[in-house]
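Notes for the one structure printed next.
Read the figures in this text as sums done on the coordinates, not as results from a lab. Computed from a prediction, not measured in an experiment: that's the story for all the values here. No Cβ is skipped: glycine too gets one built from the backbone with ideal geometry, and neighbour counts run over all protein chains shown.
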Amino acid sequence: MKYLVRKQVKFYLEPELYAKLKRLAEEQGVSVPQLVKSLVLEYLGEIGDGDIASKVRELEEKYEQLAKELGRMEKDLALLMKRCSKT
């Protein structure tokens, strides 16, 4: 969607929040303004799936799954090591 006139949006964040936003942008390989614009456009319904915010949510879900699986594997390994040490 093209706009003939664009308006600048400016706001302030606490340093901790900006640091989180900057880290997220770096992880995505985009600038902070690009990330913020994508998030706002998605929220407004101007862009659909496949954008940065959707990808971030998808990656967060996958990370949580991997963390749970890793925890399970660590427990299994500890149990196996305990059984092996008894023999």
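Dipole size of the chain about its Cα centre, with +1 on Lys/Arg Cβ and -1 on Asp/Glu Cβ: approximately 200 debye, rounded to the nearest 20. In vacuum, with every alpha carbon of the chain counted as one equal point scatterer, what does the Debye formula give for log10 I(q)/I(0) at q = 0.18, 0.25 Å⁻¹? Two decimals, please. Treating every Cα as an identical point scatterer, log10 I(q)/I(0) equals -0.91, -1.26. Loop exposure criterion: chymotrypsin sites (Phe, Trp or Tyr not before Pro), DSSP state outside H, G, I, E and B, at most 11 other Cβ atoms within 10 Å. Applied to the chain, the longest stretch between such sites is 13-87. Exposure proxy for Ser85, Ser31: other Cβ atoms within 10 Å of each Cβ, ordered fewest to most, give Ser85, Ser31.
A straight chain from Leu77 to Val32 at 0.36 nm per residue would run longer than the Cα-Cα distance by 12.1 nm.
Listed from fewest to most Cβ neighbours within 10 Å, the set Lys10, Lys37 follows the order Lys10, Lys37.
Helices in the chain, meaning DSSP H runs of at least 4 residues, each add -39500 (n - 2.57). Divided by all residues, the mean residue ellipticity at 222 nm is -24000 deg cm²/dmol. The length gained by stretching the chain between Arg57 and Val5 to full extension, at 0.36 nm per residue less their Cα-Cα distance, is 15.6 nm.
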